[in-house]
Amino acid sequence: MKLKLMKKASVYFLMGILCLSLAASPILTGETAFADEVTEEAAEPVMTDEMYDRIDGMNIADAEKDPQLAALLDDPVFLRYFDVDENGLITKKDVDMDEVDSFIMEMDSNAEGIDDTEVAAISSDANAVGCGVSGLGKAQVPAKYTSVKRSHCIDISYWQGKVSNANWKKIKAAGVTHAIIRVGYSTLSSGEPKTDSVFSNNINGAYKAGIKVGVYYYSTAKTAAEAKSEAQYTVKLLQNYKSKITLPVAYDYETGGRLTSSVMKKNGNASCRAFCDYIKSAGYTPMVYANYVTLTKYLDYKSLQSSYKIWLANYTTNGKATTYPGDYWMWQYSSSGKVNGLSGSIDINYIFDNNQGAQVTPPVSQVTPPAQVKSYKIVTRCKMNIRTGPSTSKKIVGTAKKGQAVYATSISGRWAKLTNGYYMSLSNCKYTAKTTTDVNYRKGPGTKYKRVGTYGKGKKLTVISVTPTGWAKLSNGRYVYAKYLKIQ
């Protein structure tokens, strides 16, 4: 997603500014780093003097009609050098070398977690600040993840061009075991969905090299309805690649163009949920990508992390551990990493996951069930473990609190399969069910107990627990065999 700005009279100035902006904001998610094999149609867009001047004063809708400019306008780095007002008018940013601190704050000073006091203390000397972390594994691991398995992951898009199979092998040999590849994006002005033109090449190449792959979609959705539409578009693009995707499908949610901070505050959580829930209903693992400020100021990160994986973007000074307060499955710690097989700088990430597929702090339930998935409400009667499978021998990955409502897609015996893919015992849970046939009810949990009567098919009952032998205890104190009940 990077854009190279070539301004003849101020090359060195712009290089310094770009360096500082990269260090100060995870809004940028990949520098212009190309493999040697980039084809002509994937050639790097270059901002020339003429283009720089021509864009100034244009309306963004008019600029998008020019194919040459449209490729630049779609890239979020465009907003590092131009302002776009509510009417779509584009104007150059006026920045000079003596005002670097102001420049950083203007570009969303807290985007990488630096507060105003720290920003003011940053030296205007580009060499003092540096351009981030160069190389894999150079960032300090946060204390809470030091005992968690770490994997090296890169994320790439059109701006890295078509990566050859030979270079994917080099990338794998360099220690990269995971890759998140852009599948598409929405334009900054109109929100029109677009396909990343090199997605197919790159996902096939990475998969062939033995690299685990996931994807991301860059969103400019202003509403939950638009976000769901983006998710539907994403799923269509992925229909021929589903077997290759073992990592999450990420929702890239960043300020830019029509997606302002005020829109994020108003509709952000709803948009994230609409995208992720549809992705989950299609059989993929959803994930939310956002920077430090977006997660802590514009979104309810605590709510989101209880339902989805979080991909944190936080470029810290000198590779220090992030101080982000929430949980995250993946941390993008630099946009200026170096990886053999890719020229230039590249986004580099840690994935923290002992189980490769189970979140470090996994969701225990959907607070609100996905609209696209038929689900059934269960209320816990005490603290319940959440497990990877329907057995007490399966790994515990989380808990549900007493009195918490969780949602299941089905039940089998005494186990409920939840909408998040995990399982919970029904040993102390309340739910509504109907009989699937005429069924006897007894005084106790077994055929040795006296039969009291019979419920006809379709009888609605309230279950309050299920024994290990599969007998459901009803709210009226009677017992029926759970096999003949269907959760409602």
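The values are calculated or read from the model by the stated rules, or taken from the named source; none is laboratory data. Everything quoted here is computed from the prediction, not taken from an experiment. We place every Cβ from the backbone using ideal geometry, glycine too, and count neighbours over all the protein chains shown.
Annotations for the structure displayed:
- Every pair of residues 6+ apart whose Cβ atoms lie under 7 Å, when the first sits in the range 257-269 and is in a loop (DSSP other than H, G, I, E, B) while the second is at pLDDT 85 or above and surrounded by 15 or more Cβ atoms within 10 Å (Cβ to Cβ): Gly257/Thr220; Arg258/Gly191; Arg258/Thr220; Arg258/Lys222
- Residue check, Ala274 hydrophobic (A, V, I, L, M, F, W, C), surrounded by 24 or more Cβ atoms within 10 Å (Cβ to Cβ) and over 19 Å from Trp331 (Cα atoms): yes
- Where strands (runs of 3 or more DSSP E) fall entirely within the range 278-350, those with at least 3 residues that are modelled with pLDDT under 95 and farther than 25 Å from Tyr233 by Cβ are at 330-337.
- Some residue of the range 366-373 being buried (at least 18 other Cβ atoms within 10 Å of the Cβ), modelled with pLDDT under 90 and over 23 Å from Tyr216 (Cβ atoms): yes
- Scanning the range 156-180 for residues that are at pLDDT 95 or above and closer than 21 Å to Lys194 by Cα yields Ala179, Ile180.
- Residues that are under 24 Å from Lys457 (Cβ atoms) and either part of a strand (DSSP E or B) or in contact with an Asp or Glu (Cβ under 8 Å, 6 or more places away or on another chain) (or both) within the range 399-414 comprise Ala408, Thr409, Ser410, Ile411, Ser412, listed in sequence order.
- From the options Ile171, Ile181, residue that is more than 18 Å from Trp311 (Cβ to Cβ) and either assigned by TED's automatic domain parsing to the domain that holds Glu226 or outside any loop (DSSP other than H, G, I, E, B) (or both): Ile171
- Only one of the numbered conditions (1) farther than 29 Å from Ala270 by Cα; (2) buried (at least 16 other Cβ atoms within 10 Å of the Cβ) is violated by Val213, and that is (1).
- No other residue among Ala231, Ala221, Ala225 is touching a Cys at 6+ places or on another chain (Cβ under 9 Å) and closer than 24 Å to Tyr298 by Cα apart from Ala231.
Per-residue answers, yes or no, for (1) assigned to a strand (DSSP E or B); (2) closer than 30 Å to Asp327 by Cβ:
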site	(1), (2)
Tyr431	yes, yes
Lys434	yes, no
Gly458	no, no
Ala472	yes, no
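- Restricting the range 154-178 to residues that are among the aliphatic types (A, V, I, L, M) and farther than 21 Å from Glu230 by Cα, the residue that is surrounded by the fewest Cβ atoms within 10 Å (Cβ to Cβ) is Ala173.
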